[in-house]
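Q: Quick one: structure below, then a few questions.
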Amino acid sequence: NLNQAASSENLARKAKAKGSTEASGNAAALAVDGSVETAWKPSGDGEHWLQITFAKPMVINELKLQEDTSSSITDYVIQYYRTKDKTWVTCFSGMKIGPQFLAAVIARKTQAMRLVVKSTKEGLPAITEFSAYNDTSGEVFNDPNGVAARHKVGR
């Protein structure tokens, strides 16, 4: 149940959104405005990205993506910005998003996250919502790299 997941504050609502490009009337800010009636759409062909930047580093462990029905994403990655060496690091990869998708990731403290759309079945991608959470409900477990994370039972 995606409504029970991502139940903490949507941190993206306080973030600044930026896209690789923006089609007229489809600014990146529309992907973090809380409305599925609006969407970010890039302009032109090729790989596109949608980035959210926080005023200060935040811990993120879940991202909720919502794709417009006109969009047909077939390959994408989610990345976080690693400040210490100023690089983007992939923390999730997928093939389809659809009307609502939750990406649980190992908790990372970062100042920015981005969705990189590598391909679509046809046309340009369109993201109605790009939400980020630090959801602290669930059972704590440790990954082999020593990073504490939370797992929700039943997901």
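Q: Which members of segment 36-57 meet the condition of being under 23 Å from THR110 (Cβ atoms) and either under 14 Å from the mean Cα position of the chain (by Cα) or surrounded by fewer than 15 Cβ atoms within 10 Å (Cβ to Cβ) (or both)?
A: Within segment 36-57, TRP40, GLU47, HIS48, TRP49, LEU50, GLN51, ILE52, THR53, PHE54, ALA55, LYS56, PRO57 qualify.
Q: Another question, then. Quick one: SER93 ticks every box in (1) open to solvent by less than 50 Å² (accessible area, probe 1.4 Å); (2) under 12 Å from the mean Cα position of the chain (by Cα); (3) small (Gly, Ala, Ser) bar one, so which box is it?
A: Every listed condition holds for SER93 apart from (1).
Q: Please report, ordered by residue number, the strands (runs of 3 or more DSSP E) entirely within segment 1-113 with at least 1 residues that are under 26 Å from LEU124 (Cβ atoms) and touching a residue at least 60 places away in the same chain (Cβ under 8 Å).
A: Hits in segment 1-113: 16-19, 48-67.
Q: Further question on the same structure: I'd like to know if segment 74-83 contains one or more residues that are under 14 Å from VAL117 (Cβ atoms) and either surrounded by fewer than 14 Cβ atoms within 10 Å (Cβ to Cβ) or over 12 Å from the mean Cα position of the chain (by Cα) (or both).
A: There is at least one residue in segment 74-83 that is under 14 Å from VAL117 (Cβ atoms) and either surrounded by fewer than 14 Cβ atoms within 10 Å (Cβ to Cβ) or over 12 Å from the mean Cα position of the chain (by Cα) (or both).
Q: Ok, one more. Which residues, taken from segment 75-92, are of a type outside the set (A, V, I, L, M, F, W, C) and closer than 12 Å to LEU63 by Cα?
A: Correct list: GLN79, TYR80.
Q: Further question on the same structure: Where residues in segment 118-135 are aliphatic (A, V, I, L, M) and not in a strand (DSSP E or B), which of them is most open to solvent (accessible area, probe 1.4 Å)?
A: Step by step, filter segment 118-135, then rank; the result is LEU124.
Q: I would also like to ask the following. Which of the residues that make up segment 13-35 are under 14 Å from the mean Cα position of the chain (by Cα), modelled with pLDDT of 95 or more and among the small types (Gly, Ala, Ser)?
A: Selection gives ALA15, ALA17, GLY19, ALA28, ALA29, ALA31.
The values are calculated or read from the model by the stated rules, or taken from the named source; none is laboratory data. Here the structure is a predicted model, which means the values were calculated and not measured. Quick reminder, even Gly has a Cβ in these numbers, built from the backbone with ideal geometry, and neighbours come from all protein chains shown. Just so you know, the surface numbers come from the protein's heavy atoms only, side chains and all, with ligands and any DNA or RNA stripped out. Shrake-Rupley method; radii C 1.70, N 1.55, O 1.52, S 1.80 Å.
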